[in-house]
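Student: Input: one structure, supplied below.
The values are calculated or read from the model by the stated rules, or taken from the named source; none is laboratory data. Quantities reported herein were computed from a predicted structural model and do not represent experimental measurements. Quick reminder, even Gly has a Cβ in these numbers, built from the backbone with ideal geometry, and neighbours come from all protein chains shown.
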Amino acid sequence: MTEEIRKGLFRIEVPLPNNPLRSVNCYAIRGGDRSLIIDTGLNRPECLQSIRQGVRELEIDLAKSDFFITHFHTDHLGLVGELAREGSRVYFNQPELDWMMNWGGWEVMFDYGARNGFPRDQLQSAFHNHPGARFAPTRIPELQILSDGDQLRFGGYTFRAVSTPGHSPGHICLYEPERKLLISGDHVLGDITPNIQCWSDEHNPLQSYLDNLDKVRLLETELVLPGHRGLISDPIKRIDELKAHHHRRLNEVLDVLDGGPAHAYRVASRMSWDIEADSWDDFPLMQKWFATGEAIAHLRYLEEKGAVRRKPEGTDTAYERM
Ligand SMILES: [Zn+2]
(Lines give C-alpha, C1' and ligand atoms only; values in the text may rest on other atoms or scores of the structure.)
Protein backbone atom coordinates (compact mmCIF):
# COMPACT_ATOMS: atom_id res chain seq x y z
CA MET A 1 0.00 0.00 0.00
CA THR A 2 1.47 3.35 -1.01
CA GLU A 3 0.41 6.88 -0.12
CA GLU A 4 1.75 10.28 -1.19
CA ILE A 5 2.40 12.42 1.91
CA ARG A 6 3.98 15.45 0.27
CA LYS A 7 4.86 16.03 -3.35
CA GLY A 8 7.25 13.23 -4.34
CA LEU A 9 7.44 11.84 -0.79
CA PHE A 10 5.65 8.55 -0.29
CA ARG A 11 4.92 6.01 2.42
CA ILE A 12 4.99 2.31 1.64
CA GLU A 13 3.36 0.36 4.46
CA VAL A 14 5.16 -2.99 4.67
CA PRO A 15 3.32 -5.71 6.66
CA LEU A 16 5.09 -7.56 9.50
CA PRO A 17 3.16 -10.86 9.73
CA ASN A 18 2.42 -12.18 13.25
CA ASN A 19 4.17 -9.21 14.81
CA PRO A 20 2.46 -6.88 17.31
CA LEU A 21 3.96 -3.91 15.44
CA ARG A 22 1.75 -4.97 12.45
CA SER A 23 3.76 -3.09 9.82
CA VAL A 24 6.79 -0.92 9.21
CA ASN A 25 6.70 2.35 7.28
CA CYS A 26 9.18 2.73 4.45
CA TYR A 27 9.40 6.20 2.98
CA ALA A 28 10.47 6.93 -0.57
CA ILE A 29 11.52 10.24 -2.08
CA ARG A 30 11.31 10.13 -5.83
CA GLY A 31 14.08 12.16 -7.40
CA GLY A 32 14.73 13.01 -11.03
CA ASP A 33 18.22 11.65 -10.87
CA ARG A 34 18.29 9.36 -7.83
CA SER A 35 15.60 8.36 -5.35
CA LEU A 36 15.96 7.70 -1.62
CA ILE A 37 14.35 4.79 0.22
CA ILE A 38 14.17 5.07 4.01
CA ASP A 39 14.03 1.80 5.99
CA THR A 40 13.15 -1.56 4.45
CA GLY A 41 11.44 -4.33 6.47
CA LEU A 42 12.25 -7.77 7.81
CA ASN A 43 14.20 -10.12 5.60
CA ARG A 44 11.19 -12.30 4.75
CA PRO A 45 9.31 -12.79 1.47
CA GLU A 46 6.11 -10.95 2.54
CA CYS A 47 8.09 -7.76 3.21
CA LEU A 48 10.20 -8.05 0.08
CA GLN A 49 7.14 -8.54 -2.10
CA SER A 50 5.36 -5.56 -0.55
CA ILE A 51 8.25 -3.15 -0.93
CA ARG A 52 9.03 -4.31 -4.47
CA GLN A 53 5.42 -3.76 -5.43
CA GLY A 54 5.48 -0.33 -3.75
CA VAL A 55 8.53 0.96 -5.61
CA ARG A 56 7.13 -0.41 -8.89
CA GLU A 57 3.86 1.44 -8.31
CA LEU A 58 5.78 4.63 -7.60
CA GLU A 59 7.93 4.07 -10.69
CA ILE A 60 11.09 4.20 -8.64
CA ASP A 61 14.06 2.41 -10.17
CA LEU A 62 16.07 0.51 -7.56
CA ALA A 63 19.15 0.80 -9.80
CA LYS A 64 18.89 4.57 -9.32
CA SER A 65 18.06 4.49 -5.60
CA ASP A 66 20.01 5.15 -2.45
CA PHE A 67 18.98 4.05 1.04
CA PHE A 68 18.89 5.50 4.51
CA ILE A 69 18.41 3.21 7.49
CA THR A 70 17.26 4.87 10.74
CA HIS A 71 18.66 2.11 12.98
CA PHE A 72 19.88 -1.48 12.93
CA HIS A 73 16.79 -3.33 14.14
CA THR A 74 15.90 -5.95 11.57
CA ASP A 75 12.45 -4.56 10.79
CA HIS A 76 14.25 -1.50 9.36
CA LEU A 77 17.54 -2.91 8.10
CA GLY A 78 16.46 -6.43 7.13
CA LEU A 79 15.98 -6.06 3.38
CA VAL A 80 18.61 -3.52 2.45
CA GLY A 81 20.93 -6.24 1.18
CA GLU A 82 18.16 -7.51 -1.14
CA LEU A 83 17.15 -4.08 -2.43
CA ALA A 84 20.43 -2.19 -2.82
CA ARG A 85 21.98 -2.41 -6.26
CA GLU A 86 25.55 -1.93 -7.36
CA GLY A 87 26.15 1.79 -7.02
CA SER A 88 23.42 2.28 -4.38
CA ARG A 89 24.65 4.30 -1.44
CA VAL A 90 23.38 3.03 1.91
CA TYR A 91 23.48 5.67 4.66
CA PHE A 92 23.84 4.44 8.22
CA ASN A 93 25.37 5.38 11.57
CA GLN A 94 28.77 4.61 13.11
CA PRO A 95 27.79 3.33 16.60
CA GLU A 96 25.57 0.56 15.18
CA LEU A 97 28.10 -0.36 12.50
CA ASP A 98 30.66 -0.78 15.32
CA TRP A 99 28.11 -2.78 17.31
CA MET A 100 27.50 -5.16 14.39
CA MET A 101 31.23 -5.56 13.72
CA ASN A 102 31.90 -6.38 17.37
CA TRP A 103 28.77 -8.49 17.94
CA GLY A 104 29.69 -11.18 20.46
CA GLY A 105 26.65 -13.37 19.74
CA TRP A 106 23.46 -13.99 21.70
CA GLU A 107 25.35 -15.78 24.49
CA VAL A 108 26.70 -12.47 25.76
CA MET A 109 23.14 -11.19 26.05
CA PHE A 110 21.99 -14.44 27.68
CA ASP A 111 24.68 -14.01 30.35
CA TYR A 112 23.59 -10.46 30.97
CA GLY A 113 19.92 -11.48 31.09
CA ALA A 114 20.70 -14.33 33.49
CA ARG A 115 22.61 -12.00 35.82
CA ASN A 116 19.48 -9.85 35.86
CA GLY A 117 17.37 -12.79 36.97
CA PHE A 118 16.04 -14.09 33.64
CA PRO A 119 15.77 -17.91 33.93
CA ARG A 120 18.66 -19.04 31.79
CA ASP A 121 17.09 -22.31 30.67
CA GLN A 122 14.29 -20.36 28.96
CA LEU A 123 16.58 -18.12 26.93
CA GLN A 124 17.66 -20.55 24.24
CA SER A 125 14.10 -21.37 23.25
CA ALA A 126 13.00 -17.74 23.45
CA PHE A 127 15.60 -16.73 20.91
CA HIS A 128 14.42 -19.30 18.45
CA ASN A 129 11.56 -16.91 17.85
CA HIS A 130 13.39 -13.62 18.12
CA PRO A 131 12.60 -11.68 14.93
CA GLY A 132 16.06 -10.11 15.14
CA ALA A 133 17.57 -13.55 14.78
CA ARG A 134 15.10 -15.10 12.33
CA PHE A 135 14.73 -12.29 9.82
CA ALA A 136 18.16 -10.66 9.94
CA PRO A 137 19.77 -9.46 6.72
CA THR A 138 21.81 -12.10 4.94
CA ARG A 139 24.07 -9.47 3.42
CA ILE A 140 25.02 -5.99 4.58
CA PRO A 141 26.14 -3.81 1.68
CA GLU A 142 28.89 -1.23 2.07
CA LEU A 143 27.63 1.52 4.36
CA GLN A 144 28.11 5.29 4.16
CA ILE A 145 28.30 6.82 7.59
CA LEU A 146 26.12 9.82 8.43
CA SER A 147 26.89 12.03 11.41
CA ASP A 148 24.74 14.52 13.24
CA GLY A 149 24.12 17.52 10.96
CA ASP A 150 25.04 15.81 7.67
CA GLN A 151 22.67 16.54 4.80
CA LEU A 152 20.94 14.35 2.21
CA ARG A 153 19.42 15.98 -0.88
CA PHE A 154 16.83 14.08 -2.91
CA GLY A 155 13.93 15.22 -5.08
CA GLY A 156 13.99 18.83 -3.90
CA TYR A 157 14.15 17.87 -0.21
CA THR A 158 17.16 18.62 1.97
CA PHE A 159 17.24 16.39 5.04
CA ARG A 160 19.50 16.89 8.01
CA ALA A 161 20.66 13.92 10.09
CA VAL A 162 19.68 14.23 13.74
CA SER A 163 21.49 11.74 15.93
CA THR A 164 19.01 10.33 18.46
CA PRO A 165 20.35 7.28 20.37
CA GLY A 166 18.05 5.71 22.96
CA HIS A 167 15.76 3.20 21.27
CA SER A 168 18.98 1.90 19.70
CA PRO A 169 22.62 2.96 20.20
CA GLY A 170 23.06 5.00 17.00
CA HIS A 171 19.53 5.87 15.89
CA ILE A 172 19.24 8.76 13.40
CA CYS A 173 16.17 10.83 12.46
CA LEU A 174 15.98 12.99 9.32
CA TYR A 175 14.72 16.54 9.61
CA GLU A 176 13.57 18.70 6.69
CA PRO A 177 13.57 22.28 8.02
CA GLU A 178 11.89 23.94 5.04
CA ARG A 179 8.95 21.48 4.96
CA LYS A 180 9.03 21.08 8.76
CA LEU A 181 9.04 17.30 8.48
CA LEU A 182 10.70 14.80 10.81
CA ILE A 183 11.31 11.23 9.70
CA SER A 184 11.53 9.77 13.17
CA GLY A 185 12.27 6.04 12.78
CA ASP A 186 11.42 4.48 16.15
CA HIS A 187 12.44 7.53 18.19
CA VAL A 188 8.95 9.06 18.21
CA LEU A 189 5.97 6.78 17.55
CA GLY A 190 2.28 7.64 17.72
CA ASP A 191 -0.04 5.11 19.35
CA ILE A 192 2.70 2.78 20.60
CA THR A 193 5.64 3.57 22.87
CA PRO A 194 9.16 2.96 21.57
CA ASN A 195 10.79 0.15 23.48
CA ILE A 196 13.85 1.24 25.47
CA GLN A 197 16.04 -1.67 26.50
CA CYS A 198 19.41 -1.98 28.13
CA TRP A 199 21.69 -4.99 27.63
CA SER A 200 25.00 -3.61 28.85
CA ASP A 201 26.09 -1.82 32.01
CA GLU A 202 28.14 0.58 29.88
CA HIS A 203 25.00 2.30 28.64
CA ASN A 204 22.18 4.39 30.04
CA PRO A 205 19.80 4.28 27.09
CA LEU A 206 16.80 5.77 28.89
CA GLN A 207 18.84 8.87 29.75
CA SER A 208 19.96 9.14 26.10
CA TYR A 209 16.41 8.61 24.93
CA LEU A 210 14.93 11.33 27.15
CA ASP A 211 17.74 13.75 26.22
CA ASN A 212 17.08 13.09 22.55
CA LEU A 213 13.33 13.58 22.94
CA ASP A 214 14.24 17.07 24.18
CA LYS A 215 16.57 17.46 21.21
CA VAL A 216 13.86 16.79 18.61
CA ARG A 217 11.30 18.74 20.62
CA LEU A 218 13.29 21.88 19.77
CA LEU A 219 12.88 21.31 16.02
CA GLU A 220 10.04 23.19 14.43
CA THR A 221 8.02 20.27 13.08
CA GLU A 222 4.55 20.10 11.58
CA LEU A 223 4.44 16.43 10.73
CA VAL A 224 6.30 13.40 12.09
CA LEU A 225 6.72 10.38 9.82
CA PRO A 226 7.34 7.47 12.21
CA GLY A 227 8.72 3.99 11.57
CA HIS A 228 5.43 2.32 12.59
CA ARG A 229 1.71 3.18 12.50
CA GLY A 230 0.18 6.54 11.60
CA LEU A 231 1.70 10.00 11.01
CA ILE A 232 1.85 12.39 13.96
CA SER A 233 0.53 15.92 13.45
CA ASP A 234 1.04 17.21 17.01
CA PRO A 235 4.70 16.32 17.74
CA ILE A 236 5.17 18.37 20.92
CA LYS A 237 2.12 16.78 22.53
CA ARG A 238 3.32 13.29 21.62
CA ILE A 239 6.89 13.93 22.82
CA ASP A 240 5.56 15.20 26.14
CA GLU A 241 3.36 12.10 26.47
CA LEU A 242 6.39 9.86 25.88
CA LYS A 243 8.41 11.72 28.51
CA ALA A 244 5.54 11.50 31.01
CA HIS A 245 5.18 7.78 30.27
CA HIS A 246 8.79 7.08 31.26
CA HIS A 247 8.58 9.21 34.39
CA ARG A 248 5.50 7.20 35.43
CA ARG A 249 7.42 4.00 34.75
CA LEU A 250 10.38 5.18 36.84
CA ASN A 251 8.04 5.76 39.75
CA GLU A 252 6.52 2.35 39.21
CA VAL A 253 9.99 0.76 39.44
CA LEU A 254 10.69 2.63 42.68
CA ASP A 255 7.35 1.42 44.06
CA VAL A 256 8.33 -2.18 43.29
CA LEU A 257 11.66 -1.70 45.09
CA ASP A 258 9.82 -0.33 48.11
CA GLY A 259 8.87 -3.98 48.65
CA GLY A 260 12.58 -4.89 49.00
CA PRO A 261 15.59 -5.50 46.73
CA ALA A 262 14.80 -7.17 43.41
CA HIS A 263 16.54 -8.07 40.17
CA ALA A 264 15.29 -6.69 36.88
CA TYR A 265 13.32 -9.82 35.94
CA ARG A 266 11.33 -9.62 39.17
CA VAL A 267 10.85 -5.86 38.75
CA ALA A 268 9.54 -6.45 35.20
CA SER A 269 7.09 -9.09 36.48
CA ARG A 270 5.56 -6.51 38.82
CA MET A 271 5.35 -3.60 36.41
CA SER A 272 2.20 -3.03 34.37
CA TRP A 273 2.37 -3.89 30.68
CA ASP A 274 0.08 -3.13 27.81
CA ILE A 275 -0.19 -6.72 26.63
CA GLU A 276 -3.00 -9.20 26.32
CA ALA A 277 -2.06 -11.67 29.05
CA ASP A 278 -3.71 -12.33 32.40
CA SER A 279 -0.53 -12.63 34.37
CA TRP A 280 3.27 -12.48 34.01
CA ASP A 281 3.33 -16.28 33.74
CA ASP A 282 1.18 -16.04 30.62
CA PHE A 283 3.49 -13.58 28.85
CA PRO A 284 5.16 -15.04 25.76
CA LEU A 285 8.86 -15.54 26.51
CA MET A 286 9.95 -12.93 24.01
CA GLN A 287 7.71 -10.34 25.69
CA LYS A 288 9.28 -11.25 29.05
CA TRP A 289 12.67 -10.65 27.49
CA PHE A 290 11.72 -7.21 26.12
CA ALA A 291 10.05 -6.33 29.44
CA THR A 292 13.18 -7.30 31.38
CA GLY A 293 15.37 -5.21 29.05
CA GLU A 294 13.03 -2.30 29.59
CA ALA A 295 13.14 -2.77 33.39
CA ILE A 296 16.97 -2.77 33.24
CA ALA A 297 16.93 0.50 31.26
CA HIS A 298 14.82 2.11 33.97
CA LEU A 299 16.97 0.67 36.79
CA ARG A 300 20.20 1.88 35.12
CA TYR A 301 18.70 5.37 34.80
CA LEU A 302 17.74 5.40 38.47
CA GLU A 303 21.16 4.05 39.42
CA GLU A 304 22.93 6.90 37.57
CA LYS A 305 20.59 9.37 39.27
CA GLY A 306 21.57 7.94 42.66
CA ALA A 307 18.06 6.70 43.44
CA VAL A 308 18.88 2.97 43.48
CA ARG A 309 22.01 0.88 43.97
CA ARG A 310 23.14 -2.65 43.22
CA LYS A 311 23.03 -5.33 45.82
CA PRO A 312 24.93 -8.49 44.82
CA GLU A 313 22.78 -11.60 45.30
CA GLY A 314 25.15 -14.47 44.58
CA THR A 315 25.99 -14.08 40.91
CA ASP A 316 22.86 -12.03 40.24
CA THR A 317 22.45 -8.28 40.27
CA ALA A 318 19.63 -7.05 42.46
CA TYR A 319 18.76 -3.40 42.97
CA GLU A 320 17.55 -1.62 46.07
CA ARG A 321 16.37 1.89 46.83
CA MET A 322 18.90 4.30 48.28
ZN1 LIG B 1 10.92 -0.71 14.36
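Student: Of these, Arg22, Arg44, Arg11, which one is within 18 Å of the chain's Cα centre (by Cα), within 16 Å of the ligand (Cβ to nearest atom) and basic (Lys, Arg)?
Tutor: Result: Arg22 is the single residue among Arg22, Arg44, Arg11 that is within 18 Å of the chain's Cα centre (by Cα), within 16 Å of the ligand (Cβ to nearest atom) and basic (Lys, Arg).
Student: Testing Ile192 on (1) surrounded by fewer than 16 Cβ atoms within 10 Å (Cβ to Cβ); (2) within 16 Å of the ligand (Cβ to nearest atom); (3) closer than 18 Å to Ile5 by Cβ, one condition comes back false. Which one is that?
Tutor: Exception for Ile192: condition (3).
Student: Condition first: in contact (Cβ under 8 Å) with a residue 60 or more places away in the chain and within 26 Å of the chain's Cα centre (by Cα). Can you find one or more residues in region 302-316 that meet it?
Tutor: Yes, that holds for at least one residue.
Student: Moving on to the next point. Which pairs turn up if I take residues in region 184-198 that are more than 12 Å from Ile232 (Cα to Cα) and look for partners that are more than 11 Å from the ligand (Cβ to nearest atom) and part of a loop (DSSP other than H, G, I, E, B) with beta carbon separation below 6 Å, at least 6 apart in sequence or on another chain?
Tutor: Close Cβ pairs satisfying both conditions: His187/Thr164.
Student: In region 1-50, how many residues are assigned to a helix (DSSP H, G or I), surrounded by 14 or more Cβ atoms within 10 Å (Cβ to Cβ) and polar (S, T, N, Q)?
Tutor: Selection size over region 1-50: 1.
Student: Report whether or not Val55 is within 15 Å of the ligand (Cβ to nearest atom) and not in a loop (DSSP other than H, G, I, E, B).
Tutor: no
Student: Test of understanding: among Phe72, Phe92, which residue is touching a strand residue (DSSP E or B) at 6+ places or on another chain (Cβ under 9 Å), touching a residue at least 40 places away in the same chain (Cβ under 8 Å), within 19 Å of Trp289 (Cβ to Cβ) and not polar (S, T, N, Q)?
Tutor: On the way: Phe92 fails: within 19 Å of Trp289 (Cβ to Cβ).
Going through Phe72, Phe92 in turn, just one is touching a strand residue (DSSP E or B) at 6+ places or on another chain (Cβ under 9 Å), touching a residue at least 40 places away in the same chain (Cβ under 8 Å), within 19 Å of Trp289 (Cβ to Cβ) and not polar (S, T, N, Q): Phe72.
Student: Between Asp148, Asp111, Asp98, Asp121, which is more than 19 Å from the chain's Cα centre (by Cα), farther than 18 Å from Glu294 by Cα and of a type in the set (D, E, K, R)?
Tutor: Numbers: Asp148 fails: more than 19 Å from the chain's Cα centre (by Cα); Asp111 fails: farther than 18 Å from Glu294 by Cα; Asp98 fails: more than 19 Å from the chain's Cα centre (by Cα).
Answer to the check: Asp121.
Student: Consider only pairs whose beta carbons are under 7 Å apart and that are at least six residues apart or on different chains; among these, list those whose first residue lies in region 21-47 and is on the phi > 0 side of the Ramachandran plot and whose second residue is of a type in the set (A, V, I, L, M) and in a strand (DSSP E or B).
Tutor: That search, which allows pairs on different chains as well, returns Asp39/Val24; Gly41/Val14; Gly41/Val24.
Student: Any residue that is part of a loop (DSSP other than H, G, I, E, B), surrounded by 14 or more Cβ atoms within 10 Å (Cβ to Cβ), more than 18 Å from the chain's Cα centre (by Cα) and not small (Gly, Ala, Ser) - is there at least one of those in region 152-164?
Tutor: Scanning region 152-164 turns up no residue that is part of a loop (DSSP other than H, G, I, E, B), surrounded by 14 or more Cβ atoms within 10 Å (Cβ to Cβ), more than 18 Å from the chain's Cα centre (by Cα) and not small (Gly, Ala, Ser).
Student: While we're on this one: Of all residues in region 124-146, how many are touching a helix residue (DSSP H, G or I) at 6+ places or on another chain (Cβ under 7 Å) and in a loop (DSSP other than H, G, I, E, B)?
Tutor: 10
Student: For region 214-255, name all the residues that are in a helix (DSSP H, G or I) and either at pLDDT below 95 or within 16 Å of the ligand (Cβ to nearest atom) (or both).
Tutor: Once the filter is applied, which keeps residues that are in a helix (DSSP H, G or I) and either at pLDDT below 95 or within 16 Å of the ligand (Cβ to nearest atom) (or both), region 214-255 yields only Leu242.
Student: How many residues are part of a helix (DSSP H, G or I) and crowded, with 18+ Cβ neighbours inside 10 Å when one looks only at region 267-286?
Tutor: The qualifying residues number 3.
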